[in-house]
Amino acid sequence: MNYLTRITINPDICFGKPFIRGMRWPVAVILDLLSSGMSFAEVLEDHPELEREDILAALQYAKLTTSGKSIYDMAS
């Protein structure tokens with residue numbers, strides 16, 4: 001499934017960094033939570049405004065960018 005529709009990029013918000021569903025939750029922050037050892041369940045419990053699909057979107061975005069592509073490549 002393509003979760004990238006949950007990623008927003010706006011140069012006027014979050015310094016132009018990608019964030020989740022217009023909520024000003026930067027993808028990098030979600031990745032930081034996961035890399036600190038938190039599980040999906042722990043992230044969602046601590047931050048109930050997030051959804052499981054938001055975490056999956058952050059991971060999909062990270063995979064995409066580390067492959068040398070951009071979110072815009074997925075649109076075409």
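The values are calculated or read from the model by the stated rules, or taken from the named source; none is laboratory data. None of these values were measured; they are calculated from a predicted model. Positions of Cβ are generated from backbone atoms using ideal geometry, with glycine treated the same way; all protein chains shown enter the neighbour counts.
Quick notes on this one:
- The one condition from (1) assigned to a loop (DSSP other than H, G, I, E, B); (2) modelled with pLDDT under 90 that D73 does not meet is (1).
- Here L50 passes the criteria (1) touching a helix residue (DSSP H, G or I) at 6+ places or on another chain (Cβ under 7 Å); (2) outside any loop (DSSP other than H, G, I, E, B) except the one numbered (2).
- Qualifying positions in region 6-47 - surrounded by fewer than 17 Cβ atoms within 10 Å (Cβ to Cβ) and at pLDDT below 95: I9, N10, P11, D12, I13, F15, G16, K17, R21, G22, M23, R24
- Top-ranked residue of region 1-16 - restricted to ones that are in a loop (DSSP other than H, G, I, E, B), under 15 Å from A58 (Cα atoms) and not aromatic (F, W, Y), ranked as farthest from the chain's Cα centre (by Cα): M1
Here is a yes/no grid of residues against (1) closer than 21 Å to M1 by Cβ; (2) in a helix (DSSP H, G or I); (3) in contact with a helix residue (DSSP H, G or I) (Cβ under 7 Å, 6 or more places away or on another chain):
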residue	(1), (2), (3)
M23	yes, no, no
V29	no, yes, no
L33	no, yes, yes
G37	no, no, no
E42	no, yes, no
E45	no, yes, no
I55	yes, yes, yes
L59	yes, yes, no
A62	yes, yes, yes
